[in-house]
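The values are calculated or read from the model by the stated rules, or taken from the named source; none is laboratory data. Owing to the predicted nature of the structure, the values given are computational and were not obtained by experimental measurement. Don't worry about glycine lacking a Cβ; one is built from the backbone with ideal geometry, like all the others, and counts go over all protein chains shown.
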Amino acid sequence: MMLSRASKYAILSTLFLAEHSSETHKISVKVIAESIDVPNPFLAKLFQQLVRGKIISSTKGPNGGFYLTKKNGKRTVLDIIENIDGLTRLNECFLGLSECDGANPCPVHFIVEPFKNGILGKFRDLTIMEFSKEITSQGRKLTLKDITPEFK
């Protein structure tokens, strides 16, 4: 189960909005891109897609920007992944084989499957706001800064 760079950026930026924005405090793409160290034009394109998918909200104008409504906050990380990549990518074989399932397992299928199901369960069952609160309460960081380049 691999996430595309687009999905990773979309998750990071949506969680950033969950933590830092509100309907009265909207944030620009530029600020978010700088905060989480993601290329601005790429993030702007992702945000158009997330707005169309009703995962984040935006308003135009001098006080415009991006934010999450209560309804947006009830969406899940799995909704973000589905919006950006679709779900087929999540079901791909860990080793990249075209035929891999319980009936035709790859060499690591039964090792990877429980982890994949655990991760997907968490992504499906926690709302964006619940995820955000969990991150904040555990003092985790929402940035790619200081992460070695091969993980970006």
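Tallying residues that are under 23 Å from Ser137 (Cα atoms) and under 14 Å from the mean Cα position of the chain (by Cα) within the range 34-54 yields 1. Taking first residues from the range 107-135 that are at negative phi and partners that are of a type in the set (D, E, K, R) and in a helix (DSSP H, G or I), the Cβ contacts under 7 Å between residues at least 6 apart in sequence or on separate chains come to Ser132/Glu19. Determine whether the range 7-16 contains at least one residue that is aromatic (Phe, Trp, Tyr) and modelled with pLDDT under 95. Yes.
The set of residues in the range 23-45 being within 18 Å of Ala6 (Cβ to Cβ), without any contact (Cβ under 8 Å) to a residue 40 or more places away in the chain and not polar (S, T, N, Q) consists of Val29, Ile32, Ala33, Pro39, Pro41, Phe42, Leu43, Ala44, Lys45. Residues that are assigned to a loop (DSSP other than H, G, I, E, B) and of a type in the set (Lys, Arg) within the range 1-40 comprise just one, Lys26. Counting only residues that are hydroxyl-bearing (Ser, Thr, Tyr) and touching a strand residue (DSSP E or B) at 6+ places or on another chain (Cβ under 7 Å), the range 72-117 holds 1 of them. Checking each residue in the range 46-65 for being closer than 21 Å to Asp85 by Cα and touching a residue at least 40 places away in the same chain (Cβ under 8 Å) picks out Leu46, Leu50, Ile55, Ile56.
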